[in-house]
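Have a look at the structure below, then the notes.
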Amino acid sequence: MNSEREIGVLGEFADQRKLWVDPKSLGCFHRGRREHDLFGYGTQDRVFKITRGAGYGLFPTPLDVVSGMISDWFGVLPATPSQYFQRLFLGNLLYPGLNRLEGFREWEGRFCIVTSQPFIAGRNASEREIAGFIKARGLVRLCEATWFRPDDHLAIFDVGGSNLFIDEAGDLVPIDVIPVVAEGALLETLLRALRQLRPPAPSV
């Protein structure tokens with residue numbers, strides 16, 4: 001299903017469940033950096049996020065390039081609503097209770113998805129803290145910002161200090177990474193990257 005059809009289905013769902021959100025109820029507006037605008041930032045227990053731009057966040061894609069750098073093998077494209085919801089669901093598996101669907105809104109001429117996260121006071125995580133958090137969940141680092149778990153094809157993209165926070169209790173919170181369950185060409189590229197890092201042992 002493409003984005004246009006998904007939007008039609010979600011619009012009907014919002015009508016049936018009365019899930020249209022009035023931005024005025026969400027607190028102060030703050031223009032976001034790339035994927036979301038924000039409401040209520042720092043003034044409530046939760047931060048409200050509304051999708052912006054050409055799609056619904058970003059979704060990784062394999063790139064047909066010849067390069068010895070694994071980081072060159074992956075790019076991102078605007079996500080569909082279903083890909084965005086996959087990202088929210090997987091984010092909640094990494095950190096239970098992180099993402100909550102609040103509803104939907106026509107905003108600046110677009111159909112937007114409104115979600116929320118707990119307001120987290122803290123600091124950007126260090127590389128060591130990030131590596132410890134993700135390795136504990138069985139993922140392998142493929143390149144600077146991409147990790148992969150071959151057992152169930154879970155991959156996490158856009159891993160960096162500005163997307164993972166250490167809260168005041170010392171817990172790491174993956175606020176804006178891009179987790180996906182890879183399939184098709186993306187999975188093949190991830191497995192190829194893993195083979196490059198872990199070449200088979202020579203036969204004897």
- Message: So, in segment 99-119, how many residues would count as being open to solvent by 30 Å² or more (accessible area, probe 1.4 Å) and on the phi < 0 side of the Ramachandran plot?
- Response: 9
- Inter-residue pairs, beta-carbon under 6 Å, first farther than 15 Å from Gly57 by Cα and in segment 151-166, second of a type outside the set (A, V, I, L, M, F, W, C) and not in a strand (DSSP E or B), 6+ apart: Leu164/Pro174
- Filter segment 33-71 for residues that are among the hydroxyl-bearing types (Ser, Thr, Tyr) and in contact with a Phe, Trp or Tyr (Cβ under 9 Å, 6 or more places away or on another chain) and give the result. Tyr41, Thr43, Thr51, Tyr56, Thr61, Ser67
- Message: Condition (residue is more than 25 Å from Glu183 (Cα to Cα) and among the small types (Gly, Ala, Ser)) applied to segment 45-63: is it met by at least one residue?
- Response: yes
- Note on the structure: Residue pairs qualifying under the 8 Å Cβ cut-off, at least six apart or on distinct chains, with the first in segment 94-107 being farther than 25 Å from Phe148 by Cβ and without any contact (Cβ under 8 Å) to a residue 12 or more places away in the chain and the second being surrounded by 12 or more Cβ atoms within 10 Å (Cβ to Cβ) and among the hydroxyl-bearing types (Ser, Thr, Tyr), are none
- Note on the structure: The residue that is farthest from Ala79 (Cα to Cα), considering only those in segment 13-37 that are of a type in the set (Gly, Ala, Ser) and part of a loop (DSSP other than H, G, I, E, B), is Gly27
- Could you say which residue among Leu10, Leu26 is open to solvent by less than 30 Å² (accessible area, probe 1.4 Å), in contact with a helix residue (DSSP H, G or I) (Cβ under 7 Å, 6 or more places away or on another chain) and not β-branched (Val, Ile, Thr)? Leu10
- Note on the structure: Reported set for segment 66-80 where residues are touching a Gly at 6+ places or on another chain (Cβ under 9 Å) and either open to solvent by less than 40 Å² (accessible area, probe 1.4 Å) or more than 30 Å from Arg110 (Cβ to Cβ) (or both) is Ala79, Thr80
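Test Val180 against the stated conditions and say whether it is within 24 Å of Leu77 (Cβ to Cβ), within 16 Å of the chain's Cα centre (by Cα) and assigned to a loop (DSSP other than H, G, I, E, B).
No.
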- Task: Check off (1) out of contact with any Lys or Arg (no Cβ under 8 Å at 6 or more places or on another chain); (2) in a loop (DSSP other than H, G, I, E, B); (3) over 22 Å from Thr146 (Cβ atoms) for Arg5 and give me the number that stays unchecked.
- Result: (2)
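The values are calculated or read from the model by the stated rules, or taken from the named source; none is laboratory data. None of these values were measured; they are calculated from a predicted model. We place every Cβ from the backbone using ideal geometry, glycine too, and count neighbours over all the protein chains shown. What goes into the accessible areas is simple: the full protein's heavy atoms, side chains included, and nothing from ligands, DNA or RNA. Shrake-Rupley method; radii C 1.70, N 1.55, O 1.52, S 1.80 Å.
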